Amino acid sequence: MLIVEDLRVEFGGVVALAGISFRVQAGTITSLIGPNGAGKTTAFNAITGYLRPSHGRVAWEGQPLDGRRPCDIARHGVVRTFQRTSVFPALSVFDNVRTGLHLRGSTGLWSVLAGTARARAEEAWLAAAADDVLAFVGLTHRRDERAGALPYGEQRLVELAVALAARPRLLLLDEPAAGMTGAEKERLVALIRKIRGGDVTVFVVEHDMRLVMGLSETVIVLNNGRVIAEGVPAEIRAHPEVIRAYLGSADALA
Amino acid sequence: MIARAGLALGAVAAVTAPWWVANPYHLHVLIMAGVFTILALSLNLLLGYTGQLSLGHAAFFGIGAYTSALLSLPPLQWSFWLALPAAALASGLAGWGIGRLALKLRGAYFVLVTISFAGVISLVSINWMELTNGPLGLPGVPPPSLGPWTLRTKSAYWYLVLATAALAYFVCHRLVGSRIGRAFVALRENEPLAESVGIDGTRYLVLAAVISAAMAGVGGSLYAHYTRFVSPEVFLFSYTVTMVIMVIAGGQGTLAGPVVGALLFTALPEALREAMAWQWQMLAYGVILIVCVFFLPRGIVPAIVATTRRTDRAAGGPPEMRSGSVGLFKKRRGSDSRS
């Protein structure tokens, strides 16, 4: 379970998160929604160590995450993707995923230089694991292409593959469907369900309401840096304050 | 395939060099090219793979040279074979300190800290008379000896430099193909993403700085025992600039790039010296460099790889060099990776 307690983030005098608290139950798909500027990405950044909150506590499976660095948080099984497409552009898709497998390897400097049998066995094993991840997200046919040269939708899949390679137990996806076509979104939804089926808790920030409502078990709504509602999709759709927050785009909730 | 053939040809040429290089001065140029190969490989580890530019690399080279010279001169009179690793250690330690200081602040800050460091070390070498003999330098550094033999001749020293350069290349090759090398490249390509999958940025950048500095220190030690004389000139900024030119023109982020760059840009001034009057030499050097960077912005080696690939395809040969198959040119830098 991810526990967020009284998380507060300020930029100068601007309060981006005014002390939010919520929980993400293990094994669920939970979404974080809200109008633009509600603080969704800020919350993600604060949870994953990219932003230092001015106050509050974050814990995953009983381990405190606040005050830790992103690479340390990844070591605790909490891995995120980014709102703007983020791959290793000059590397092949395969090498992108191999890089994502960093924590699964353990060969140190001296074994690498000596080229020990263990180091070579680990390299072979990592290569096989990378191919498994590529097959899982359906990118095997792009294996040797430069990630930066792929079409947008496939770059988002590479991003997802890199995150999955780090074997998260909690996966935070920041607008994974942004810029995707309808068909790509359907594939993404199926993929996220498959990821959750592999015993991974998924926490999503997303703007596409149809996708959110169809995918999530729990929805948390942020507005102006505060949690204004939390519940199953049906409750959220009917929640008066949520409708008010989305006024003018209330249709989007249908 | 062409890469393999080129490598084999280069190796044969290098090993037989003392036979076909008749002019001792040319052999001297070759030895300097070997020393610069080690330095360029070392700088490439930082600049090419982690993407951090060290403009104080001459400092690590100089620290290695001074350490090795001081340890092998009286009163200590250590053997070269102990002084060399000690030089690597001293430079590596300096690299660690600089890395710890600077790599919390990346990019431009790292450049500034490395420049300042080289400046400070150079001043120390000039002013600490008791230790370094100041601007007069340290003459009489003994040549390495191996059992009953002393490596006094140029051809013997060439083999020492060649073996060390090959070892440096091998170290880079092993690193680049490992998870450590992938972590370096990940930090160059996209640091936030690298951190998100558990790559500790500061730790790996410091590691790269230590290995790179230690390697430069080895180059410094070889230089000291070859010229038999060390002075504050080893800290000259022009050494650093030469290394940067070699890495960038050869092809940063490739294994063969710094080797090609070091050979070419050690030989070029010498060739120009024979070809034209001194007034024109630096001008020609500059023009050649500009042409090189203008037409081959990613470096000579990546350009050759791209061309042979195209030829391979046209000839119906192997369609793609898979990312694991040819270690020599494994990590190419994409044209858009700097944006």
Does B:Leu101 fit the bill of being surrounded by 14 or more Cβ atoms within 10 Å (Cβ to Cβ), in a helix (DSSP H, G or I), free of Cβ contacts under 8 Å to residues at least 12 places away in the same chain and not charged (D, E, K, R)? no
Residues that are out of contact with any helix residue (DSSP H, G or I) (no Cβ under 8 Å at 6 or more places or on another chain), surrounded by 14 or more Cβ atoms within 10 Å (Cβ to Cβ) and not in a loop (DSSP other than H, G, I, E, B): does the stretch B:131-154 have at least one? no
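Only one residue in A:Gly13, A:Gly34, A:Gly39, A:Gly19 is touching a strand residue (DSSP E or B) at 6+ places or on another chain (Cβ under 9 Å) and surrounded by fewer than 20 Cβ atoms within 10 Å (Cβ to Cβ), so which one is that? Let's see the steps before the verdict.
Details: A:Gly13 fails: touching a strand residue (DSSP E or B) at 6+ places or on another chain (Cβ under 9 Å); A:Gly34 fails: surrounded by fewer than 20 Cβ atoms within 10 Å (Cβ to Cβ); A:Gly39 fails: surrounded by fewer than 20 Cβ atoms within 10 Å (Cβ to Cβ).
Within the list A:Gly13, A:Gly34, A:Gly39, A:Gly19, the selection yields A:Gly19.
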Just one of the numbered conditions (1) within 27 Å of A:Val162 (Cα to Cα); (2) modelled with pLDDT of 95 or more; (3) of a type outside the set (Ser, Thr, Tyr) is not true of B:Leu103; which one? (2)
Search the stretch A:87-118 for residues being of a type in the set (S, T, N, Q) and outside any helix (DSSP H, G or I), and hand back the single one that is farthest from A:Pro70 (Cα to Cα). A:Thr116
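Those residues that are aliphatic (A, V, I, L, M) and at pLDDT 95 or above, I need them from the stretch A:167-188; list them, please.
The initial filter retains those residues of the stretch A:167-188 that are aliphatic (A, V, I, L, M), namely A:170-173, A:177-178, A:180, A:183, A:188.
Across the stretch A:167-188, the qualifying residues are A:Leu170, A:Leu171, A:Leu172, A:Leu173.
Tell me which residues, restricted to the stretch B:182-194, are within 28 Å of the chain's Cα centre (by Cα) and part of a helix (DSSP H, G or I).
Keep residues of the stretch B:182-194 that are within 28 Å of the chain's Cα centre (by Cα), which gives B:182-191, B:194.
Matches in the stretch B:182-194: B:Arg182, B:Ala183, B:Phe184, B:Val185, B:Ala186, B:Leu187, B:Arg188, B:Glu189, B:Glu191, B:Ala194.
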Scan (1) closer than 30 Å to B:Phe229 by Cβ; (2) not in a helix (DSSP H, G or I) for the single condition B:Ala58 breaks and write down its number. (2)
I want to confirm something. Restricting to the stretch A:132-183 and keeping residues that are exposed (fewer than 15 other Cβ atoms within 10 Å of the Cβ) and in contact with a Leu (Cβ under 8 Å, 6 or more places away or on another chain), which single residue is nearest to the other protein chains (Cβ to nearest Cβ)? A:Thr140
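Could you identify the single residue in A:Ala121, A:Ala129 that is assigned to a helix (DSSP H, G or I), of a type in the set (Gly, Ala, Ser), within 20 Å of B:Phe170 (Cα to Cα) and more than 9 Å from chain B (Cβ to nearest Cβ)?
A:Ala121
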Evaluate the stretch A:62-76: report whether one residue or more is surrounded by 18 or more Cβ atoms within 10 Å (Cβ to Cβ) and more than 10 Å from chain B (Cβ to nearest Cβ). yes
Could you list, in sequence order, all residues of the stretch A:78-118 that are more than 9 Å from chain B (Cβ to nearest Cβ), under 14 Å from the mean Cα position of the chain (by Cα) and modelled with pLDDT of 95 or more? A:Val78
Residue hits (the stretch B:169-180; touching a residue at least 60 places away in the same chain (Cβ under 8 Å) and over 17 Å from the mean Cα position of the chain (by Cα)) are B:Gly177
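The values are calculated or read from the model by the stated rules, or taken from the named source; none is laboratory data. Not measured: the values here are computed from a predicted model. Virtual Cβ from ideal backbone geometry, glycine too; neighbours counted across all protein chains shown.
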